[in-house]
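Reviewing the structure listed below.
Every read-out reported here was derived from the displayed coordinates using simple, explicitly stated rules and does not represent laboratory data. Everything numeric in this text was worked out from a predicted model, so none of it was measured. Glycine also receives a Cβ, built like all others from the backbone with ideal geometry; neighbour counts cover every protein chain displayed.
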Amino acid sequence: MMMRFDVVTLFPGLFRILLDDGVIGRAIGRGVAELHLWNPRDFTQDPHRVVDDRPYGGGPGMVMKVAPLRDAIAAARAAAPASRVAYLSPQGRLLRQPQMIEIARQPGWILLAGRYEGVDERLIEGCVDEEWSIGDYVLSGGELAAMVVMDAVIRLLPGALGHGESAVQDSHSDGLLDWPHYTRPPEIDGRAVPPVLISGDHAAIERWRSLQALGRTWQRRPDLLQQRGLSDEERALLEEFVRSHHRDEIG
Ligand code: 9D3
């Protein structure tokens, strides 16, 4: 179940960083995923290799022309006929972890990374299946967004993570923030590790971690709890966290 990514970008060199990275670079090296790059400038027909032009209606900035992108996407499609086309753009559907899981179920994606003010709308209408955003902030182009998607998706694929790494995605913590992590020494700069973690009582440790994950999610990202809902057991744990949190605030 190899996943194929074809990225259409004016800056293919930026993607070198993915191949150098530990988890993703290794996954690509092992054949879990494949990355192919297509530069629309290589699909221009004029001597100056022009890929952008001034916007109809006026205004600042430039717009990416249809023809070089259309032809680059067509070449990528011919090489990856099972892939769908996604355009990374601030106007796209916001991607969260459930969407990354959905994306990982496809055999491959052609990712279109835009530059300048964006691409001619007729290219989107004619060649694009999906439009994705990674968040409500302004990037300089779609390349980093494409890399964010590939990082989030490739690590979900079978064989991408080592045995030690995959355990993190257990059903317990799904949709919650992590509990706090500690390593040696047991005390540093006057700060001790929570005693339960060195008690050797595995049931107590698991309970403490659930309590912390629920409590921190409640404190920092109540929107996540709202979306996810709580089991009866989790609700009881969270009430315990809230009670002790309340006591901390008073005394
Ligand atoms: C919304 C701002 N636009 C109006 C002035 C200009 C504009 C900003 C950023 C046009 C293009 C871009 C480039 N951004 C992306 O290509 C992009 C992006 C992003 O900026 N934020 C979140 N997700 C994405 S996915 C692609």
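Among the trypsin sites (Lys or Arg not before Pro) in the stretch 69-165, those located in a DSSP loop and surrounded by at most 12 other Cβ atoms within 10 Å of their own Cβ are Arg105.
For the stretch 16-66, what is the convex hull volume of its Cα atoms per residue in Å³? Show your work: numbers first, answer last.
Working: hull volume 7.3 nm³, N = 51.
Residue-normalised Cα hull volume stands at 144 Å³.
The fraction of Cα-Cα pairs per 10 angstrom bin, counted from 0 for the stretch 187-250, comes to 19, 44, 31, 6 percent, rounded to whole percents.
If you count the DSSP beta bridges with both ends in the chain, what percent of them are antiparallel, to the nearest 5? Provide the component values of the computation, followed by the final result.
Numbers: 4 of 26 bridges.
Roughly 15 percent of the beta bridges in the chain run antiparallel, per DSSP.
Residues of the stretch 33-74 with an amide N closer than 17 Å to a point placed 7 Å from the Cα of Gln91 along the Cα-to-Cβ direction: 53-67, 69-70.
Just to be sure I understand: with springs between alpha-carbon atoms less than 10 Å apart, which residue in Leu88, Leu238, Leu139 has the highest mean-square fluctuation in the Gaussian network model of the chain? Looking only at Leu88, Leu238, Leu139, the largest GNM fluctuation is found for Leu238. Helices from the chain with mean Kyte-Doolittle at least 1.6 and a Cα length along the axis of 15 Å or more, per DSSP H: which? Length and hydropathy pass: 143-154. Normalised Debye scattering of the stretch 1-158 at q = 0.15 Å⁻¹ gives log10 I(q)/I(0) of -0.77, counting only Cα atoms as equal scatterers and leaving out solvent. In this calculation the C-beta distance from Met62 to Ala82 is compared with R0 = 25 Å, giving a FRET efficiency of 0.15. Taking the chain as a Gaussian network of alpha-carbon nodes connected by springs under 10 Å, the highest mean-square fluctuation of the residues Ser89, Ser133, Ser231 belongs to Ser231. Placing dummy labels 7 Å off each Cα toward the beta-carbon, the span from Glu130 to Gln227 is 1.5 nm.
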